[in-house]
1. Which ³J(HN,Hα) values, rounded to whole Hz and listed in residue order, are derived for segment B:94-106 from phi using the Karplus coefficients 6.51, -1.76 and 1.60 in 6.51 cos²θ - 1.76 cosθ + 1.60 with θ = phi - 60°, glycine and proline given as x?
2. Within the P(r) computed for segment B:238-286, what percentage of the Cα pairs occupies the region above 16 Å?
3. If we count other beta carbons within 10 Å of each Cβ, what is the order of B:Met446, B:Met320, B:Met216, fewest first?
4. Return a single number: how many Lys pairs in chain A, at a sequence separation of 8 or more or on separate chains, have alpha-carbon atoms below 18 angstrom apart.
5. What base-10 log of the normalised intensity I(q)/I(0) is obtained for chain B from the Debye formula, alpha carbons as equal point scatterers, at q = 0.08, 0.09 Å⁻¹?
6. Percent of Cα-Cα pairs per 10 Å bin, from 0 to the last occupied bin, for segment B:153-256, please list those.
7. Label-point separation (nm) for A:Ser31 and A:Leu84, each offset 7 Å from Cα along Cα-to-Cβ?
8. Hey, got the average number of other protein chain Cβ atoms within 10 angstrom for residues in B:368-375?
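Readers should treat all values here as calculations from the given coordinates under stated rules, not as data from a laboratory. Since the model is a prediction, treat every value here as computed from it, not as a measurement. Neighbour counts are summed over all protein chains in view; Cβ atoms, including those assigned to glycine, are modelled from backbone coordinates with ideal geometry.
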Amino acid sequence: MKKIKVRICVGTSCFVMGSAQIQSLEFNAPSDIADEIEIVEERCMNLCKDITRKRNRGPFVYVDDELIEEATYEKVVAKIREKLQK
Amino acid sequence: MLIPKNNANLMRTKILIKLAQSYLEDKFAEADRIPLELRPKDGEVSRCCVYKDRAVLKYRCMAGLGHCPEEETDELTTLKEYGEQALERTHAPKNKLSVIDIACSACVKSQYVITNVCRGCFAQPCRLNCPKEAISIVNGRAHIDPDKCVNCGKCFEVCPYHSVVKIPVPCEEACPVGAITKDEKGKEHIDVEKCISCGRCLASCPFGAIVERSQMIDVMREVKETDKKVIAMLAPAISGQFPGSLQNLVGALKKFGFSDVIEVAVGADITTQKEAAEFIERMEEGKPFMTTSCCPAYFRAAQVHIPELKPYVSSTKTPMYYTAELVKQEHPDCISVFVGPCLAKRAEAEWDKNVDYVLTFEELGAMLVASGINVDECEEESFSKVSHVQGRQFPVTGGVAGAVASLVGDKVEIRTEKIDGLTKENIKLLKRYATKGGENNMLEVMCCEGGCVSGPGCIALSKKAARAVDAYAQSGEQLTPESKIG
């Protein structure tokens, strides 16, 4: 089966605001999703500089093609599970 | 030590970013909006209500501005005013960890409790093994008399049903030296005489109630408002803290306004040479063992809490000391800023006239984010001085001892031991070494488990950071006792 691609932005803004912590998916992801995901470090996608947004909504993570704003470990894991159930 | 996936830590980073932005935008004119922005009315709430959250945030902002919440004289003093006061400082605020009393949840006193899992068994090992006869059987179940209990945990160990639970106080549990205790209201207080500034309590409090005075605003003011040369000294644990190369990071710091950037790994090379020479000398004198001295939290713990160990602590100075000395020799009028993972370095800097300010990686990160600087897009610039393998490997457990051992070679026999984490157990181990001796003669003591890469001021996961440190170390040249540094 094709793995779910988790693209974690590691631009300075996202990394400092918490994507560094989301990287723990590489080491101790819950057992039900650990083998189903592929983690990719993404350079700044300029989402934090989007001026139409009132504030920086980082860190940003893409789970396949879906964007998660203000991403946390919890949110990312929930989104991965949602994808797996489909 | 940094606990991943922890809301209290993430909030601290957000606060620092907001404060840095507030300074850059309008010198704190709108700073009083920060608690509101971080806890909007329609958002989620972590404590009893949004207003209490905001009140706690205000105190956390105070600490971010370098003030100690305990020193509040008027509750109506605004963040704008605190910000303006911060800009009037001409020296780093004195390092201090303190408790925000309204945020401290006054956890119940640490205790053992017998739960209803207890079967009231025939063997009753809990009762029979209790050294204080504190356990009796009431209504067919074991019961602990709190007046007699001394929290030894024997009952916890022997119950065959695991019916005994320990209810800890996280900060007290984390503090290796008993510096944090409850007052009569149950709120925690830190005894500055005992505190070794390691930051374990800060990282462990589930309510984010413990703060320390930040020097971020002071450094920003020096860079942006004075024409002095401000030189950043990056601790060796910097590898892996900011995605991008170290050369990108040098470029990023210069873009922010620092005049120059130097690696503290250069000073670590000097520490390695001197400590190896000192070790050889001590062993030839017949001393039983020596411990490292570069971890400031351990160094202070030895001075205050393990005095019997003092004669065995290396008298070689720390990498920060030698780096700052080099910097000030070349630029006597500059402002030197150490940037590292460590809170105890702030205490060390107070004794070191060559170090003007200490920042954490997290604070540096907040400054860069607030300025819109993305490290890996910055021009690559090199460090003005080149470090070696040995100095670069300091921040990971085993690195310091390994570096020293590599320079000692076969001149004298060296048996290293890693004391990985200044826990209560390891303090006992060190005491035993001082009084009864032990089998090894070179003890490397790191207050944070895993080394400086697990320090409370880190951004990256310690595992990933340790890999980056290692990769960078391997790319360097070997140090020899004769290598010329600086």
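1. Values per residue, Gly and Pro as x: 5, 5, 6, 8, 8, 9, 7, 5, 6, 8, 5, 7, 6 Hz.
2. 58 percent
3. Exposure proxy ranking, most exposed first: B:Met216, B:Met320, B:Met446.
4. Taking chain A as the scope, the lysine pair count is 12.
5. Debye intensities relative to I(0), on a log10 scale: -0.54, -0.67.
6. Per 10 Å bin, starting at zero, the Cα-Cα P(r) for segment B:153-256 comes out as 11, 25, 24, 22, 11, 6, 1 percent.
7. 1.2 nm
8. Working: counts 4, 10, 3, 1, 5, 2, 10, 7.
Taking all residues of B:368-375 together, the mean is 5.
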